[in-house]
Amino acid sequence: MQTIIRVWLQAIVFLFILLGMGCTSAPTREEARISDAKVDATLAHLQQEVKDASNLLHMAKGVLVFPGVLEGAFWGGAEYGSDGALRIGGRTVDYYNIAALSFGAQFGAQQKDVIFLFMDSNALQDFRKSAGWTVGLDGKVTLVTVGAEGSINSQIYNKPILAFVVDQKGLIAGVSLEGAKITKRDSPVGGTSGSR
């Protein structure tokens with residue numbers, strides 16, 4: 001009986017991922033507005049929780065934000081978060097989806113915010129030209145952690161792509177984004193991208 005339940009749960013998880021990866025249709029103007037508001041809140045939360053984050057955000061050539069990525073683990077886990085937005089110069093220029101697999105023993109689900117900072121113009125350009133971009137395959141991403149005093153290690157400032165993973169309690173350490181698949185959505189239906 002446990003084997004049957006396990007197979008069904010894995011099937012549901014993988015279906016969830018496939019649906020997420022296939023969702024590249026254009027958001028409506030209202031969906032884009034809601035997405036931009038979530039991105040604003042996520043960036044504000046990051047700057048509250050992580051010392052020096054504001055400095056890195058200012059230095060970044062592009063900032064890709066996925067608010068509320070849902071992580072669920074049922075023997076084999078799935079991560080999915082839609083309505084991510086890429087900002088350049090403080091303006092939303094494109095919308096993206098993220099989907100990933102994670103294999104853990106934990107149960108339950110939790111939400112986390114994932115923020116990518118493109119510190120190098122070439123890395124940003126390569127990302128934007130890509131039809132589908134995979135962390136670790138198409139670009140090496142350095143996960144940001146903080147030291148004992150809560151400051152970001154200055155050695156990461158020369159890395160081309162940085163990433164923060166944050167939940168309600170603050171910055172999360174010891175996670176991996178390897179294999180996360182990021183797919184661009186079409187422009188919003190009925191208008192252009194937001195201007196935040």
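The values are calculated or read from the model by the stated rules, or taken from the named source; none is laboratory data. Here the structure is a predicted model, which means the values were calculated and not measured. With ideal geometry, Cβ positions are generated from the backbone for all residues, glycine too; neighbour counts draw on all protein chains shown. Keep in mind that these areas ignore ligands, DNA and RNA; they rest on the heavy atoms of the full protein, side chains included. Shrake-Rupley method; radii C 1.70, N 1.55, O 1.52, S 1.80 Å.
Tabulated results
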quantity: Near pairs, Cβ below 9 angstrom, 6+ apart or cross-chain, from region 49-69 (β-branched (Val, Ile, Thr)) to any residue that is open to solvent by 60 Å² or more (accessible area, probe 1.4 Å); calculated: Val50/Val146; Val65/Lys38; Val69/Gln111
quantity: Hey, Ser35 assigned to a helix (DSSP H, G or I), open to solvent by less than 40 Å² (accessible area, probe 1.4 Å), modelled with pLDDT of 85 or more and out of contact with any Phe, Trp or Tyr (no Cβ under 6 Å at 6 or more places or on another chain) or not; calculated: yes
quantity: Residues of region 182-193 satisfying the condition of being modelled with pLDDT under 75 and open to solvent by 20 Å² or more (accessible area, probe 1.4 Å); calculated: Asp186, Ser187, Val189, Gly190, Gly191, Thr192, Ser193
quantity: Answer residue from region 157-181, given it is at pLDDT 85 or above and in contact with a helix residue (DSSP H, G or I) (Cβ under 8 Å, 6 or more places away or on another chain) and is farthest from Asp94 (Cα to Cα) among those; calculated: Val166
quantity: Filtered residue count, region 50-61, keeping only those that are farther than 15 Å from Gln155 by Cα and open to solvent by less than 80 Å² (accessible area, probe 1.4 Å); calculated: 4
quantity: Restricting region 62-110 to residues that are in contact with a Pro (Cβ under 9 Å, 6 or more places away or on another chain) and open to solvent by 20 Å² or more (accessible area, probe 1.4 Å), the residue that is modelled with the highest pLDDT; calculated: Asp83
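Condition check ((1) part of a strand (DSSP E or B); (2) touching a residue at least 60 places away in the same chain (Cβ under 8 Å); (3) more than 19 Å from Val65 (Cβ to Cβ); (4) acidic (Asp, Glu)) across all residues:
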{"residue": "Ile115", "(1), (2), (3), (4)": "yes, yes, no, no"}
{"residue": "Phe127", "(1), (2), (3), (4)": "no, yes, no, no"}
{"residue": "Trp133", "(1), (2), (3), (4)": "yes, no, no, no"}
{"residue": "Ile156", "(1), (2), (3), (4)": "no, no, no, no"}
{"residue": "Leu162", "(1), (2), (3), (4)": "yes, yes, no, no"}
{"residue": "Gly174", "(1), (2), (3), (4)": "no, no, yes, no"}
